[in-house]
Amino acid sequence: MASITEFNPSTPKKDLLIMAVFTAVVLTAPIWLAPIGASYPDLLQRFAIFGIFAIGFNILFGLTGYLSFGHAAFLGIGSYSAVWMFKLFSMNALLAMAFGIFVAALFALVIGFICLRRSGIYFAILTLAFAQMAYNMAYSVLTPITNGETALTLDVADPRIIDRAILGDAKEALPSPSLFGLELTGFTSFYFCAVMLILAFWVSLKIFRSPFGLKLLAMKSNQNRMQYTGYNTKPYLLVAFVISGMYAGLAGSLMAVTDPLAGAERMQWTASGEVVLMTILGGAGTLFGPLFGAAIIKYFENIFSALNKTQLTEVFGFLPDGMAEALASVSLLFVGEGWHLTLGIMFMLVVIFLPGGLMEGIYRLTARVKRKRESGGAVSGGAVQPSE
Amino acid sequence: MGIFDGKTTRRRVLKGGAALAGGALVAPTVFSRGAWAQNFRNDPGDSGSVTFGFNVPQTGPYAEEGADELRAYQLAVKHLNGEGDGGMLNTMKPLALKGNGVLGKKVEYVTGDTQTKSDAARASARRMIERDGVVMVTGGSSSGVAVAVQSLCQEMGIIYMNGLTHANDTTGKDRRRYGFRHFFNAHMSAAALGPVLKQEMGTDRRSYMLVADYNWGWSVEESMTKVTEDMGWETVQSVRTPLGAGDFSQYLTPVLDSGADVLFLIHYGKDMVDSLTQAVQFGMRDRQANGKNFEIVVPLYSELMAQGAGKAVSGIYGSSNWLWSLNNEGSQAFAKSFGQEYGFPPSQAAHTCYVQALLYANAVESVGTFYPVEVIKFLEGFEFDGMGNGPTLYRAEDHQCFKPVLVVKGAENPQTQFDLLELVQEVPTEQITYPHDLYPGDLGPYEV
């Protein structure tokens, strides 16, 4: 569906409205997610963090069409950097994030410089190769830095030079990441991630609306033509790659902030594939799509995978005994250990019927409603459109 | 998408208001936490039920173990609630449980998939603690996961009863006040296996080790190397292999030319099934090296692995925490009720998990409160019997259980697919006991 990724001129006023609604929706998430059992800090944090990851990925894939299959490497690098910051210098979340983003940007610059010599499938394979390299090195030769499969964790005896200089010697217990004395745990930690998500979304919105974003979109539609008009496309692509790497670094360091532990499995190809799925499921090249995709996949992973037979039988409890049992057994295939199956079916349906992702579905629905209203003669203004 | 239509309806305002009001009611108790000692996270209070969290691998290389652990937990819940034949509640000594739940509250449970990944396991444990309000988390089939979840539970102030974890770190370097382990560990395996290997294979052996590359593999490697080298063996080489590798041929080929005559397969679960099957396919069992029969040793053995590897296990030595065929009251009671429920005997993973669930419940019943500090103090130094391993002590200094260790061997002529392992020796507790500061660690505070 080409129409929804086309450049869409917007007015500052409309953008402001989008931001206001988005902010309100994100900050009230603990309330409106409660009925579906998703309103607990850990999952809310994950929504925000993987939302950031997917938004960043979308800047590369959605705008330029370059499919990176190794983005999880930057996520892992961000996490490791942040945890090392915690260990060596300070438990301050901002420092750790800044360092995580910086290191991820450095890696993205080098990896991007090499991988962007090719495009299409070759680019995807090159990025995949780099990510697998990072993953396997984290598991083998880099074990002193990454602590291998056991994962890098904090220790009471860590140096934490800055913290000790300011606060004196540490207590007996492990410290939590903090924001100038405010401990980031539970819901506080979610709101911290939420603010980061809003900022990340705002930057992404600005990029989408900027001439830079327009150039990236132009490259997606025809890079040769761009080059004939006198643009050197490589630097633009590299900048897009680095920005999206920095988003991944931010997401990775936030993962470390919410849970100070960094494991190599964050860099595995399945994690890279996951962000591709999130983006495509939600709608590549759209502003909100990747966020939806991230939320849906994380919801499935955390809620569906935890349903077991007892709970299912309870759900179907209103039916006659035999029937409830049978229904529970059938639906058990799709939840619990089988949550991948549900996700797979959903992904297939979306790709077959809504190639533009869930956003295309929303777009079609709103278009239909609009048509109906127009034919009915009642045009109502003021309704906020999702920013296609 | 209704979320983005920005309309404020009356219904929504009411909903939001209700949620805020709910939050306001909860808030004071959140902030005053710790103001008086009995106020603790996930206190079941006056509720008629209490929730346990079973966090086991349902996917990945240890999925088989995870499935068996979950069966055992479900059985434990039944027995605690007074359903079924009661299993070990009939044999456990001392026993405070009455078969009417825990402190009169019906036991319920939630489950989660650790995926054998630290990240996923912690996410799943946090879901249980933050959303489902569990009083205790238990499970895990990998020491990497166990250590990660155990430290999380320490931070959260929720007791973690380790399931199958065999690394020394779990109750050594990474021991935690809120974490307890019933299963034995790498040090005990090595101490028990050493003398048997010496007797069977002599003192002049050259060994080669394939090691699962994470904290469990490392600690078995460390303990086995120390014990075998102390009795005169030489370690030719030790190679670390990734978890869930699937194909181990690239690691097995070099073994043939290395001049080694004993191969240690420090793998577990499906990895061990794969590597052992491949080693046998390579003809290692029939080989001669240095004029001796080539031998394979699997330091941590289990029935599930033996079933997976089939005939390949016959004659291969290893150590085990428990066997269903043990001839004591507790084991028989458990094997019987497990068999009746599921139609096949339980594995050692199932046993340790079942026992852990009962031990926690019994501790709560004994002290009369779910307040974790009291429960921990009760379990520290707790001595019990009738749980299948003979007299057992929960050592206070590192929260490790001390009990006899089994040295087992793959049966030469198994009668059924459940008799694949035979008991060689029950090594007494004294022989495998070590000082608690051998692997130094810090338990941390009671109050968090």
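Throughout, read-outs are computed from the coordinates displayed, never taken from laboratory work. Just so we're clear, the structure is a prediction, and the values are computed from it rather than from any experiment. Using ideal geometry, Cβ is built from the backbone for each residue, glycine included, and neighbour counts are taken over all protein chains shown.
Please report the relative contact order for chain B, taking Cα pairs under 8 Å with a sequence separation of at least 6, and give it as a percent rounded to a whole number.
18
Between B:F334, B:F370, B:F344, which gets the highest mean-square fluctuation from a Gaussian network model of chain B, Cα cutoff 10 Å?
B:F344
List residues of region A:236-254, by number, whose backbone nitrogen lies under 12 Å from a label position 7 Å along Cα→C-beta of A:L199.
Backbone N within reach: A:250-251, A:254.
Hey, rough spin-label estimate for A:H340 and B:Y446, points 7 angstrom out along Cα→Cβ, what's it come to in nanometres?
Taking the simple label geometry, A:H340 and B:Y446 are separated by 4.6 nm.
I want the antiparallel fraction of DSSP beta bridges within the protein assembly as shown, as a percent rounded to 5.
35
Within chain A, what is the longest stretch that has no chymotrypsin sites (Phe, Trp or Tyr not before Pro) placed in a DSSP loop and near at most 11 other beta-carbon atoms within 10 Å?
A:1-179
Mind listing the long-range amide H neighbours of B:T241? Cut-off is under 5 Å, sequence gap 5 or more, other chains count too, H placed in the peptide plane at 1.01 Å from N.
Amide H neighbours of B:T241: B:V211, B:A212, B:D213.
Spin-label point model (7 Å from Cα, Cβ direction): what's the B:E83 to A:E314 distance in nm?
That separation, rounded to one decimal, is 1.3 nm.
Which value, in debye to the nearest 20, describes the size of the charge dipole of the protein assembly as shown about its Cα centre when Lys and Arg Cβ atoms bear +1, Asp and Glu Cβ atoms bear -1, and nothing else is charged?
Computed charge dipole of the protein assembly as shown: roughly 4180 debye.
Around B:S319, which amide H atoms from residues at least 5 apart in sequence, or from another chain, sit under 5 Å from its own amide H, with H modelled in the peptide plane?
Amide H to amide H, under 5 Å and 5 or more residues apart or across chains, B:S319 pairs with B:L300, B:Y301, B:V408.
If I take R0 = 51 Å and measure r between the Cβ atoms of A:S375 and A:D15 in this structure, what FRET efficiency does the formula 1/(1 + (r/R0)^6) give, to the nearest 0.05?
Once the sixth-power term is evaluated, E becomes 0.95.
Return the FRET efficiency for the residue pair B:R285, B:E430: r is the Cβ-Cβ distance, R0 is 30 Å, and the value is rounded to the nearest 0.05.
According to the calculation, E is roughly 0.30.
With a 10 Å Cβ neighbour count serving as the proxy for reagent exposure, in which order, fewest first, do A:L88, B:L80, A:L95 appear?
Lowest count first: A:L88, A:L95, B:L80.
Using the scaling law 2.2 N^0.38 Å as the reference, what is the normalised Cα Rg of region B:143-225?
That works out to 1.28 for region B:143-225.
How many nm is it between the label spots at A:V156 and A:F300, if each spot is 7 Å from the Cα in line with the beta carbon?
4.3
Below 8 Å, C-alpha to C-alpha, sequence gap of six or more: please give me the relative contact order for region A:70-209 in percent.
29
For the protein assembly as shown, what does -39500 (n - 2.57) per DSSP helix run (n ≥ 4), summed and divided by total residues, give at 222 nm, in deg cm²/dmol to the nearest 500?
For the protein assembly as shown, the value works out to -17000 deg cm²/dmol.
Trypsin sites (Lys or Arg not before Pro) within region A:115-177: which are DSSP loop residues with at most 12 other Cβ atoms inside 10 Å?
Of the trypsin sites (Lys or Arg not before Pro), the ones in loops of region A:115-177 whose Cβ has at most 12 other Cβ atoms within 10 Å are A:R117, A:K171.
I'd like the Karplus ³J(HN,Hα) series for region B:134-139: coefficients 6.51, -1.76, 1.60, θ = phi - 60°, whole numbers in Hz, and an x wherever there's a Gly or Pro.
Per residue, the Karplus-derived 3J(HN,Hα) values read 6, 8, 8, 10, 8, x Hz.
Once the protein assembly as shown is represented by equal point scatterers at the alpha-carbon sites, with solvent omitted, what log10 I(q)/I(0) does the Debye formula produce at q = 0.07 Å⁻¹?
-0.57
Would you compute, for the Cα atoms of chain A, the largest minus smallest coordinate along each principal axis and list the three values in descending order, in whole Å?
72, 72, 39
Size of region B:351-414 along its principal axes in angstrom, Cα-based, largest extent first?
51, 22, 16
Using only Cα atoms, locate the centre of region B:341-358 and the centre of region B:142-203, then give the distance between them in Å, rounded to an integer.
Computed from Cα coordinates, the inter-centre distance equals 18 Å.
Calculate log10 I(q)/I(0) of region B:187-320 for q = 0.10, 0.11, 0.15, 0.18 Å⁻¹, where I(q) comes from the Debye formula with a single equal point scatterer on each Cα and nothing for solvent.
Debye curve over Cα of region B:187-320, log10 I(q)/I(0) at q = 0.10, 0.11, 0.15, 0.18 Å⁻¹: -0.26, -0.32, -0.63, -0.95.
Taking each pair of distinct Cα atoms in chain B once, what is the resulting Kirkwood hydrodynamic radius in Å?
With all distinct Cα pairs of chain B included, I get 22.9 Å.
Would you pull out the residues with amide H under 5 Å of B:S314's amide H, same chain only if 5 or more places away, H placed 1.01 Å from N?
Residues meeting the criterion, in which the H sits 1.01 Å from N, do not exist here.
FRET efficiency for A:I36 and A:V239, Cβ-Cβ distance as r, R0 = 45 Å, nearest 0.05?
E(calc), rounded to 0.05, equals 0.70.
My understanding is that a pair violates if its Cα-Cα distance is over 23 Å; which of A:K220/A:K370; B:K98/B:K377; B:K117/B:K403 do that in this structure?
In this structure, A:K220/A:K370; B:K117/B:K403 lie more than 23 Å apart at Cα.
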